[in-house]
Amino acid sequence: QKEVEQDPGPLSVPEGAIVSLNCTYSNSAFQYFMWYRQYSRKGPELLMYTYSSGNKEDGRFTAQVDKSSKYISLFIRDSQPSDSATYLCAMSERTGNTGKLIFGQGTTLQVKP
Amino acid sequence: GAVVSQHPSRVICKSGTSVKIECRSLDFQATTMFWYRQFPKQSLMLMATSNEGSKATYEQGVEKDKFLINHASLTLSTLTVTSAHPEDSSFYICSARGLTDTQYFGPGTRLTVL
């Protein structure tokens, strides 16, 4: 079993839809949770960073962490065609120089105009 | 701020040659840099972690003699793929971390070994 599971999709939605992206994980020691956006042939770009459980909102993006269920989510409101990309979840046990990131496989999202 | 560059962006080489990829943090000092490998439609796999001025720490299964990493300064790390073979063809991405805990990723280097 992979440490981090993420449905690769692809996920196709109409413009303006609410998008829900999810990851599950098995390592209860993970404390730091991130979502990255990666456009084709580019490096990942950090979207959201959360510590422990709870919600965090930034513009159209909301990240949720449920440590009891080992489940994290990223919601995108009013999705735009420019949101079309691959979304990677990542998590680590600790911060500092030993904070190795474990990535999910990535979910490919397509927002159709 | 927090820009990481990689050079070259694409490289095509013959089997048996060595290829060097540079990773630079342009506007911050990176105490730690990471090298990842990504196959098509797959996740990023950490290859090694390097701290400035010390030897890199390689992940299990990564050949340290094949993937040479040098972190000579707080703004530059290099990955050299020695005696490259077609199976080394991949997308190589570096990331850099400074005083905060956030990793900032470079744009990646696509290596094709013929």
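Report, by residue number, each residue of segment B:14-45 that is in a strand (DSSP E or B) and under 20 Å from B:ALA72 (Cα atoms). If you could, list the steps in order and put the result at the bottom.
As a first pass, look at segment B:14-45 and keep what is in a strand (DSSP E or B): B:19-25, B:32-38, B:44-45.
Selection gives B:VAL19, B:LYS20, B:ILE21, B:GLU22, B:CYS23, B:ARG24, B:SER25, B:THR32, B:MET33, B:PHE34, B:TRP35, B:TYR36.
Can you give me the number of residues within segment A:80-91 that are more than 11 Å from the chain's Cα centre (by Cα) and either touching a residue at least 60 places away in the same chain (Cβ under 8 Å) or within 14 Å of chain B (Cβ to nearest Cβ) (or both)? Spell out the reasoning first.
Narrowing segment A:80-91 to residues more than 11 Å from the chain's Cα centre (by Cα): A:80-85.
Filter once more, so that each one left must be either touching a residue at least 60 places away in the same chain (Cβ under 8 Å) or within 14 Å of chain B (Cβ to nearest Cβ) (or both): A:80-81, A:83, A:85.
So the count comes out to 4.
Condition (residue is out of contact with any Cys (no Cβ under 7 Å at 6 or more places or on another chain), more than 14 Å from every other protein chain (Cβ to nearest Cβ) and open to solvent by 50 Å² or more (accessible area, probe 1.4 Å)) applied to segment B:39-56: is it met by at least one residue? Looking through segment B:39-56, none of the residues is out of contact with any Cys (no Cβ under 7 Å at 6 or more places or on another chain), more than 14 Å from every other protein chain (Cβ to nearest Cβ) and open to solvent by 50 Å² or more (accessible area, probe 1.4 Å). For the residues A:ARG94, A:ARG77, A:ARG60, the requirement of being of a type outside the set (Gly, Ala, Ser), within 14 Å of chain B (Cβ to nearest Cβ) and open to solvent by 10 Å² or more (accessible area, probe 1.4 Å) singles out A:ARG94. Under the condition of being in a strand (DSSP E or B) and facing chain A (nearest Cβ under 8 Å), the residues counted in segment B:98-114 number 4. If you check A:TYR36, A:TYR71, A:TYR32 for being surrounded by 18 or more Cβ atoms within 10 Å (Cβ to Cβ), within 17 Å of A:GLN6 (Cα to Cα), under 11 Å from the mean Cα position of the chain (by Cα) and of a type in the set (Ser, Thr, Tyr), only one passes: A:TYR36.
When B:THR75 is tested against (1) touching a residue at least 40 places away in the same chain (Cβ under 8 Å); (2) open to solvent by 40 Å² or more (accessible area, probe 1.4 Å); (3) among the polar types (S, T, N, Q); (4) within 12 Å of chain A (Cβ to nearest Cβ), just one condition goes unmet, and that condition is (4).
Under the condition of being facing chain B (nearest Cβ under 8 Å) and not small (Gly, Ala, Ser), which residue from segment A:39-48 is most open to solvent (accessible area, probe 1.4 Å)? Outline the logic, then answer.
Our first condition is that a residue be facing chain B (nearest Cβ under 8 Å); within segment A:39-48, this holds for A:41-46.
Still in the running and not small (Gly, Ala, Ser): A:41-42, A:44-46.
Working: A:ARG41: 151, A:LYS42: 112, A:PRO44: 7, A:GLU45: 79, A:LEU46: 51 Å².
Among those that are facing chain B (nearest Cβ under 8 Å) and not small (Gly, Ala, Ser), it is A:ARG41.
Of the numbered criteria (1) over 23 Å from B:GLN6 (Cα atoms); (2) away from chain B (no Cβ under 11 Å), the one A:TYR51 fails is (2). If the condition is being touching a residue at least 60 places away in the same chain (Cβ under 8 Å) and either charged (D, E, K, R) or within 13 Å of chain A (Cβ to nearest Cβ) (or both), then segment B:8-23 contributes B:SER9, B:ARG10, B:LYS14, B:LYS20, B:ILE21, B:CYS23.
What do you reckon, is B:THR109 surrounded by 15 or more Cβ atoms within 10 Å (Cβ to Cβ), touching a strand residue (DSSP E or B) at 6+ places or on another chain (Cβ under 7 Å) and at pLDDT below 95?
Numbers: surrounded by 15 or more Cβ atoms within 10 Å (Cβ to Cβ): yes; touching a strand residue (DSSP E or B) at 6+ places or on another chain (Cβ under 7 Å): yes; at pLDDT below 95: no.
No; evaluated as a whole, the condition is false for this residue.
Please enumerate the residues belonging to segment B:60-89 that are over 18 Å from B:ARG110 (Cβ atoms), out of contact with any Ser or Thr (no Cβ under 8 Å at 6 or more places or on another chain) and outside any strand (DSSP E or B). Result: B:GLN60, B:GLY61, B:VAL62, B:GLU63, B:LYS64.
The values are calculated or read from the model by the stated rules, or taken from the named source; none is laboratory data. What you are looking at is a predicted structure, and each value in this text was computed from that prediction instead of being measured. Positions of Cβ are generated from backbone atoms using ideal geometry, with glycine treated the same way; all protein chains shown enter the neighbour counts. SASA here: full protein model, heavy atoms, side chains in, ligands and nucleic acids out. Shrake-Rupley method; radii C 1.70, N 1.55, O 1.52, S 1.80 Å.
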